[in-house]
Amino acid sequence: MDGKKSHWENVYETKPADSVSWFQPHADQSLKIIESSGLGKKVSLIDVGGGASTLVDDLLDRGYDDVSVLDLSASALKVAQTRLGTKADKVKWLVGDITSIELPANAYDIWHDRAVFHFLTDEKDRHAYVEQVMRSVRPNGLVIVATFAEDGPEKCSGLPVMRYNAETLHHEFGDEFELLGKEKEVHHTPFGTDQQFIYCYCRKP
């Protein structure tokens, strides 16, 4: 087991899912962007690094029926699967590293990532991530990426992160991605602290 995978397996095997700093009772900002996209509910959506996130619960409850959740940690996905019960059978669960996993080509109308991209501190990993988007998101698909903002934390879960504003985050993907919007969010952690996030959503060429 490589270092990244063992780190995240250990996190989810030793801490309750609602006690980690990135926990949200509901991913309201993400849901707002997805629902206002105009793409409707008959879309194929992947939540990258979704892990134990409750986004999948709310998507299923709102009628989205083609949802994939990918995470490096099988333990994180197990948390979500257990919480969903029989509803978990409606979801495609994928265990793997987003920089290297083989995803199907032109498979997704919506790509969602809250708090994975900012862990990619190596340029080659960021390039591999963008290549995944180019290969697996359909033309004109929606790409939603949320990272720590410029005034956000410098580390998360003991690991270094990259911090972005809307312009630098968009630059990582390239001008061919049409920037549709950007949102700032103050995330209130379970510990009572605040973290600054930036959300960018683009149309894939």
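Quickly work out the Arg83-to-Leu179 label distance, labels modelled 7 Å from Cα along the C-beta direction, and quote it in nm with one decimal.
About 3.2 nm, to one decimal.
Would you mind calculating the gained length between Glu167 and Glu154 on full extension (0.36 nm times residue separation, minus the Cα-Cα distance), in nm to one decimal?
2.8 nm
Could you work out the relative contact order of the stretch 148-198? I mean the mean sequence separation of Cα pairs under 8 Å and 6+ apart, divided by the number of residues, in percent.
Relative CO of the stretch 148-198 lands at 41 percent.
Looking only at the stretch 130-145, which residues have a backbone nitrogen under 16 Å from a spot 7 Å from the Cα of Arg203 in the C-beta direction?
It comes to 138-144, nothing else.
Ranked by Cβ crowding within 10 angstrom, fewest neighbours first, how are Ser100, Ser44 ordered?
Starting with the residue having the fewest Cβ neighbours, the order is Ser100, Ser44.
Which percentage, to the nearest 5, of the DSSP beta bridges contained in the chain is antiparallel?
That works out to approximately 50 percent antiparallel.
Rounded to the nearest 500, what is the 222 nm mean residue ellipticity of the chain from helices alone, with -39500 (n - 2.57) per DSSP H run of 4+ residues and division by all residues?
-8500 deg cm²/dmol
FRET efficiency for Gln196 and His127, Cβ-Cβ distance as r, R0 = 35 Å, nearest 0.05?
0.85
Relative contact order (percent) for the stretch 3-203, with alpha-carbon contacts under 8 angstrom and 6 or more residues of separation?
It rounds to 19 percent for the stretch 3-203.
Which three lengths, in whole Å and largest first, does the stretch 125-188 cover when its Cα atoms are put on their principal axes?
Ordered largest first, the stretch 125-188 gives principal extents of 35, 24, 19 Å.
Please arrange Val143, Val48 by how many other C-beta atoms lie within 10 Å of their C-beta, fewest to most.
Ordered by Cβ neighbours within 10 Å, fewest first: Val143, Val48.
With charges only on Cβ, +1 for K and R and -1 for D and E, what is the dipole size of the stretch 3-203 about its Cα centre, in debye, rounded to 20?
So the magnitude is around 460 debye.
Every number in this text was worked out from the coordinates using simple rules, so none of it is lab data. Given the structure is predicted, the values throughout are model-derived calculations rather than measurements. Neighbour counts are summed over all protein chains in view; Cβ atoms, including those assigned to glycine, are modelled from backbone coordinates with ideal geometry.
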